[in-house]
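The values are calculated or read from the model by the stated rules, or taken from the named source; none is laboratory data. Being a predicted model, the structure only gives us computed values, none of them experimental. Every residue, glycine as well, gets a Cβ built from its backbone with ideal geometry; the counts of neighbours run over all protein chains shown. For the accessible areas, the whole protein counts, side chains as well, though only heavy atoms, and no ligand, DNA or RNA atoms are used. Shrake-Rupley method; radii C 1.70, N 1.55, O 1.52, S 1.80 Å.
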Amino acid sequence: MGIAFENQLAAPQLPSRPAYGDNQTGTHLPERAGSLNGVIVPEQPGKNAIEVRGVRKVFGTGENQVAALDTVSVSIRENEFFTLLGPSGCGKTTLLRLIAGFDFPTAGEILLHGQDIAPLPPFKRPVNTVFQSYALFPHMTVAQNIGFGLEMLGKARAEIEARVAQMLKLVKMEALKARRTSEISGGQQQRVALARALAPQPKVLLLDEPLSALDYKLRKEMQIELKRLQHETGITFIFVTHDQEEALTMSDRIAVMSAGKILQVGTPRDIYDRPAERFVADFIGETNFLPGTVVSKQAGVATVKFASSATISAGYPEGFDPTGEVTLVVRPEHADLVPDPAKGTIAGTLANIVYFGTDTHYHVKLDGGGENFIVRHQNSRSSPVTYATGAKVGIQFEEDAARVLKD
Amino acid sequence: MAEPRVMDIKDQPGFRTIAIICLLVLYVPVLILMIFSLNSGSLVTHWEGVTLGWYGTAFLNEEFHAAARNTLIISVTATIVSTICATLAAIGMTRVKPWRGLAAAFMVINLPLMVPEIITAVATLSFFALIAGVFGLNFGIGNLILAHTVFCIPFAYMPIRARLEDMDLTLEYAAADLYATPWSAFRRITLPLLVPGIMSGAALAFIVSFDDFTITQLVAGPGQTTLPLYIWNQIRRPMTPEINAISTILLMVSILFVSVSFLIARRRAK
Ligand SMILES: Nc1ncnc2c1ncn2[C@@H]1O[C@H](COP(=O)(O)OP(=O)(O)OP(=O)(O)O)[C@@H](O)[C@H]1O
Ligand SMILES: [Mg+2]
């Protein structure tokens, strides 16, 4: 079904959009390097859809002041599936609201295709939002909801109808177009919200945890659906979630946020394999933390000694100089068990075995004490060894498994 | 399977009895009033037989007509004007950045609910007397309309404000996000969703104005008799079931109006 559709949507053109200038080609920004909390993030070639520059947002006054966003800078490229990932209250919604224009930054600026959008009220920004609560208009039908944006843009009736039909087809809601929005299921409401936001062909689509209200299976389905839609429409998606798995599977790039700051921006692989900070490693995926002491350093690789006097080499992020007591992070799947404790880099006692279907987690109580170390082992028909709780085991690390991170 | 349930007040001992007593106290007098409107005798205390004659008498009664006309003119105008004022006030106090004096404005709007009605009545009377004395102005029935409008505003205001506060603000953000100017967003989203609140407000205002006695009694000039005043004047003479018939008609009008606004409100609330 994609072909006819793609032709019309692939290059969003908004000729009659009020107040948003036609001179987007005129103000082309030179490529720059952005600074991100001291970390230099190289600008990649390719035009930026959204640029957030040094944005602060402070709520409240005097004693009750909260910096919901603390000097955030980030560039989001055209046609990118960009995800804001972070725990509750870290400022994700606040950032989206600033981009949509529902609120104003205390400091800093936001550019859309190189133009400062500060003077534009929300109804003049070519940006649409899928709200966390969907915010469908309860007194309108599904079709009326989807057509609302086009109607407000003053499009001709025939054009609106054609577009609404197209959107209904896109989100597979043709059969329910005459229903009230209160008479459809959560997943269907989610699709209507998406269609409503896509119908006016925004340059940027903001999605605030659109899947969080859905059950596991529907969420998985919608994740694939969203990816497909983004691919077919070529619209820049800024997607908010606090679900790290969702972020990893869907995004082109992820910004990990915490307490109003962006800690790291990168591809899912970057973020997962080379977390820049302990918080990022802890928040994304499962991670083991091991204490150790740096004995030597060479070309971005440190040699770290454990209490057991075994050593391991570990990479560390650029711009960080590990010395003395440090914390190592190791992903559970980058370590393996060996039956002979003497053969492991570190050793311990199996405290717990948790079976997950696709894989098994072994919780190892380390001889040196501290938190249990988790080893993930993928299950297969021919798993060579079976372990029993209480057994003494050794833990081996894959190459490059360990990293030293800032606390 | 018996599901464990939260406490249901209906299961409490004595609930039924108390409920029945309450309902009786509330409705038996009204019921008796309505029944005696059908009395073929001319006493409101002694039942003789069934007739619709008193309704005929009432419908032919010129004074009743005049009073009904006055009441409708006053109530309908006061309802419309006060509901519009209340809607604007409610929007101005919930859909704007908090402004200095917001709390004070809220107080001022709701104060009439707390002031004893007789005080309002005396104050209104003195006010109009003053205007008439100093400027020589008298708006005729306009005086009554003005007085009713003013005291209806807080009644209309309450349900409208409640509805506005309940309404999901995100809907208005969504409208703005979809290129609706503030005016379009109001007209297409806020106002339609506000209709149930406005209907309840209007119904309250109408009922309050329709049966107002105290203020009307003091402010009304000659020829401005409303239905409550008319009934009051009649029961000071020997009473006939005509009064019961008129009261029943009044009651029906009230019930009709409230039902209609309730139905509209419910349909829109879905
Ligand atoms: N209108 C407001 N007034 C005061 N504080 C606010 C306001 N909006 C947000 N905040 C505060 O700003 C911080 C960030 O809020 P925000 O809604 O952006 O979080 P979030 O990352 O979207 O969280 P969640 O995942 O729970 O939705 C929070 O500490 C919040 O309490
Ligand atoms: Mg949020």
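Yes or no: region A:232-255 includes at least one residue that is free of Cβ contacts under 8 Å to residues at least 60 places away in the same chain and part of a strand (DSSP E or B).
No.
Looking only at residues in region B:65-116 that are among the basic types (Lys, Arg) and over 19 Å from B:Val219 (Cα atoms), which one is most open to solvent (accessible area, probe 1.4 Å)?
That would be B:Arg100.
Please enumerate the residues belonging to region A:141-153 that are more than 9 Å from chain B (Cβ to nearest Cβ) and open to solvent by 10 Å² or more (accessible area, probe 1.4 Å).
Those that are more than 9 Å from chain B (Cβ to nearest Cβ) and open to solvent by 10 Å² or more (accessible area, probe 1.4 Å): A:Thr141, A:Ala143, A:Gln144.
Looking only at region A:100-129, filter to residues that are within 23 Å of the chain's Cα centre (by Cα), open to solvent by less than 40 Å² (accessible area, probe 1.4 Å) and farther than 22 Å from B:Trp183 by Cα; which one of those is farthest from ligand 2 (Cβ to nearest atom)?
Top of the filtered list is A:His113.
Any residue at all in region A:292-305 that's away from ligand 2 (no atom under 16 Å from the Cβ) and outside any strand (DSSP E or B)?
The first filter runs over region A:292-305 and keeps only residues away from ligand 2 (no atom under 16 Å from the Cβ), leaving A:292-305.
Restricting the remaining residues to those that are outside any strand (DSSP E or B) gives A:299-300.
For region A:292-305, residues away from ligand 2 (no atom under 16 Å from the Cβ) and outside any strand (DSSP E or B): present.
A:Cys90 is checked against (1) more than 14 Å from chain B (Cβ to nearest Cβ); (2) within 16 Å of ligand 2 (Cβ to nearest atom); (3) surrounded by fewer than 20 Cβ atoms within 10 Å (Cβ to Cβ) and fails just one. What number does that condition carry?
(3)
Just to be sure before I move on: is A:Ala165 in a loop (DSSP other than H, G, I, E, B), surrounded by fewer than 17 Cβ atoms within 10 Å (Cβ to Cβ), more than 16 Å from ligand 1 (Cβ to nearest atom) and of a type in the set (A, V, I, L, M) in the structure I sent?
So A:Ala165 fails the test.
Every residue in region A:170-200 that is more than 14 Å from chain B (Cβ to nearest Cβ), surrounded by fewer than 15 Cβ atoms within 10 Å (Cβ to Cβ) and assigned to a helix (DSSP H, G or I), please.
If the condition is that a residue be more than 14 Å from chain B (Cβ to nearest Cβ), surrounded by fewer than 15 Cβ atoms within 10 Å (Cβ to Cβ) and assigned to a helix (DSSP H, G or I), then A:Glu174, A:Ala175, A:Gly186 are the ones that fit.
Just one of A:Ser258, A:Ser251 is surrounded by 15 or more Cβ atoms within 10 Å (Cβ to Cβ) and either within 16 Å of ligand 2 (Cβ to nearest atom) or of a type in the set (A, V, I, L, M) (or both); which is it?
Values: A:Ser251 fails: either within 16 Å of ligand 2 (Cβ to nearest atom) or of a type in the set (A, V, I, L, M) (or both).
Going through A:Ser258, A:Ser251 in turn, the sole match is A:Ser258.
In region A:121-140, which residues are modelled with pLDDT under 90 and within 8 Å of another protein chain (Cβ to nearest Cβ)? Let's see the steps before the verdict.
Our first condition is that a residue be modelled with pLDDT under 90; within region A:121-140, this holds for A:132-133.
Result: A:Ser133, single match.
Check whether at least one residue in region A:221-234 is open to solvent by less than 30 Å² (accessible area, probe 1.4 Å) and within 16 Å of ligand 1 (Cβ to nearest atom), and report yes or no.
So far as region A:221-234 goes, no, none of its residues is open to solvent by less than 30 Å² (accessible area, probe 1.4 Å) and within 16 Å of ligand 1 (Cβ to nearest atom).
Give the residue that is most open to solvent (accessible area, probe 1.4 Å), with candidates limited to residues of region B:168-196 that are more than 7 Å from chain A (Cβ to nearest Cβ), under 16 Å from A:Ala100 (Cβ atoms) and in contact with a Lys or Arg (Cβ under 9 Å, 6 or more places away or on another chain). Walk me through how you get there before you give the answer.
Just the residues of region B:168-196 that are more than 7 Å from chain A (Cβ to nearest Cβ), to begin with: B:169, B:172, B:175, B:182-183, B:185-188, B:190-191, B:194-196.
If we keep only those that are under 16 Å from A:Ala100 (Cβ atoms) as well, we get B:169, B:172, B:175, B:182, B:185.
Still in the running and in contact with a Lys or Arg (Cβ under 9 Å, 6 or more places away or on another chain): B:169, B:172, B:175.
On the way: B:Leu169: 80, B:Glu172: 35, B:Ala175: 0 Å².
The qualifying residue most open to solvent (accessible area, probe 1.4 Å) is B:Leu169.
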